[in-house]
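Down below is the structure, laid out as structure tokens.
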Amino acid sequence: MESSTSSILYITLGCAKNEVDTDRMRSLLSAAGYGETDDTAEADLVIVNTCSFLASATSESIETTLALAEEVHDGVRSVPIVMCGCVPSRYGADLPPELPEVAAFVRTDEEDGIVGVVDGVLGIARTVPAHIPAVKRTVEGAVAYIKISDGCDRFCSFCAIPYIRGRYRSRSAASILSEVHDLVAGGVRELVLIGQDTGIWGNDFDETVEGPRTLAQLLEAVAAAVRPQKVWIRVLYLQPEGMTDELVAAIRDTPEVLPYIDIPVQHCSGRVLRAMNRTGSEPELEELFARLRTEIPGMVIRTTYLVAFPGETDEEFESMLSFMDRVGFDYTSVFAFSPEDGTRAAKMDGQIDDDEKLERTQAAVDLAEALGFAATAAHVGEVAEVIVDGIEQTEDGPELIGHAWFQAPDSDGAVHLDASEASVGDILTVEFTDSFCYELIGHVVEG
Ligand code: SF4
């Protein structure tokens, strides 16, 4: 492929799934000869990979793009902006007249064609037509997210993701395992499997597909692929129905798979769940978490609560708080309901006013923090392995930061280490000597 000397600045907003998509575009553009910069002054083009999960995320994506455009207008250079990801997927043809500052829009399902788009914007003509090469995935740092599926078929009434990302598509085991191989060879120490609904991975395969066909089988295959290297495997975004006996056994019996589970319940009330177009009830969910804790001792559980869904009564709100308290979630993300364009819940009766929403959200956050801080403090005195993630500059000088098995990277707090010499990706044995909020102080015992 013809080489280009142009440099691209990548800006990624939103969740880990977008990070994976940006990595993929970066690899494709790098294979096409494009360089990378983290400085707008040096960039020949900026790619903004956007998030549109909530209205606030859409606003942030647009504000970031407009701020870049401002920078362009005030400066000497003119840097074209390519907007990718969820905002173009969601708003499509509405965007070009509204955002003339953007040179090109690329939906999530068009991102494999990013080289052709960037070539077109920069006026680069290739003698060989752009094609999609088999690129290796590389990441900086010790942790890599692997997307095992895209899209979602659940159509929760509050969520725009199925309209943005499309129907559920499992990625093939061969392609996942090939990426696992590249990442582990590149020094990655933790693989985080993600998707909108990881538990149903493989359900959409037809009978001709050979090899792993369920998430449990995929986890076993990934674990076998990383051996004999020491690599942690974590799964996020499991829906309650996805917790089959087979999956519980795979998490319990596969040493590389961490006993950490992320199940967004959104609510415990059967009535609210039904209005959300979800299944389950308080007794069923309680039984699920009790079973997980019994079958996998020491299991760490993360969840999500969507507060103030239309029609949520005071009693339903109180019963959700009581449920959170009884289950004793280690980590809970709390989101206030946001009426998203095009979703059924946005038009439902019983919308809760902003003051009440704020009050309920604050109460839920207070409880989530009380439970989470206590769960973090309970690790003080334990000795466990910690992966070194990097160095942070503090008032007292540089400090090594890592995370333990019970902390999902980028979500659950970190371990602040007293070691001065370690490299990113080292796995150290650490005694936790103190905690603050979700953070732990760690004394390196061995490394
Ligand atoms: S499971 Fe529900 S909340 Fe999650 S992405 Fe699918 S529709 Fe959205």
(request) Give just the number: which of (1) free of Cβ contacts under 8 Å to residues at least 40 places away in the same chain; (2) in a loop (DSSP other than H, G, I, E, B); (3) surrounded by 15 or more Cβ atoms within 10 Å (Cβ to Cβ) does Glu207 not satisfy? (result) (3)
(message) If a residue counts only when it is under 25 Å from the mean Cα position of the chain (by Cα) and among the small types (Gly, Ala, Ser), which helices (runs of 4 or more DSSP H) contained entirely in segment 235-336 have at least 1 such residues?
(response) 245-253
(request) Kindly indicate whether any position in segment 183-203 is among the aromatic types (Phe, Trp, Tyr), more than 10 Å from the ligand (Cβ to nearest atom) and at negative phi. (result) yes
(request) For Leu29, work out the one condition from (1) more than 15 Å from Leu122 (Cβ to Cβ); (2) part of a helix (DSSP H, G or I) it doesn't fulfil. (result) (1)
(message) Six or more apart or on different chains, Cβ atoms under 6 Å: show the pairs whose first residue is in segment 149-177 and within 25 Å of Leu219 (Cβ to Cβ) and charged (D, E, K, R) and whose second is part of a helix (DSSP H, G or I) and near the ligand (Cβ under 8 Å from one of its atoms).
(response) Asp150/Arg165
(request) State all residues of segment 160-182 that are within 16 Å of the ligand (Cβ to nearest atom), farther than 17 Å from Leu236 by Cβ and charged (D, E, K, R); if no residue qualifies, say none. (result) Arg167, Arg169
(request) Please go through segment 1-43 and pick out each residue that is touching a residue at least 60 places away in the same chain (Cβ under 8 Å), surrounded by 21 or more Cβ atoms within 10 Å (Cβ to Cβ) and over 15 Å from Thr108 (Cα atoms). (result) Ile8, Leu29, Ala32, Tyr34
(request) Filter segment 97-109 down to the residues that are assigned to a helix (DSSP H, G or I) and free of Cβ contacts under 8 Å to residues at least 12 places away in the same chain, then identify the one that is surrounded by the fewest Cβ atoms within 10 Å (Cβ to Cβ). (result) Pro97
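Is it the case that segment 125-142 has a residue that's within 30 Å of Ala336 (Cα to Cα), under 16 Å from the mean Cα position of the chain (by Cα), modelled with pLDDT under 95 and more than 9 Å from the ligand (Cβ to nearest atom)?
First pass over segment 125-142, keeping only residues within 30 Å of Ala336 (Cα to Cα): none.
For segment 125-142, residues within 30 Å of Ala336 (Cα to Cα), under 16 Å from the mean Cα position of the chain (by Cα), modelled with pLDDT under 95 and more than 9 Å from the ligand (Cβ to nearest atom): absent.
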(request) Could you check Ser157 against (1) within 14 Å of the ligand (Cβ to nearest atom); (2) at pLDDT 95 or above; (3) buried (at least 21 other Cβ atoms within 10 Å of the Cβ) and say which number it fails? (result) (3)
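How many of the residues in segment 275-306 are without any contact (Cβ under 8 Å) to a residue 40 or more places away in the chain and either under 14 Å from Leu238 (Cα atoms) or within 16 Å of the ligand (Cβ to nearest atom) (or both)?
So the answer is 2.
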(message) Out of the strands (runs of 3 or more DSSP E) lying entirely within segment 374-428, which hold 1 or more residues that are surrounded by fewer than 20 Cβ atoms within 10 Å (Cβ to Cβ) and β-branched (Val, Ile, Thr)?
(response) 383-394, 397-404
(message) Quick test of your reading of the structure: Gly199 fulfils all but one of (1) in a loop (DSSP other than H, G, I, E, B); (2) within 24 Å of Gln266 (Cα to Cα). Name the failing condition by number.
(response) (1)
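The values are calculated or read from the model by the stated rules, or taken from the named source; none is laboratory data. Here the structure is a predicted model, which means the values were calculated and not measured. Heads up, the Cβs are rebuilt from the backbone with ideal geometry, glycines too, and the neighbour counts pull from every protein chain shown.
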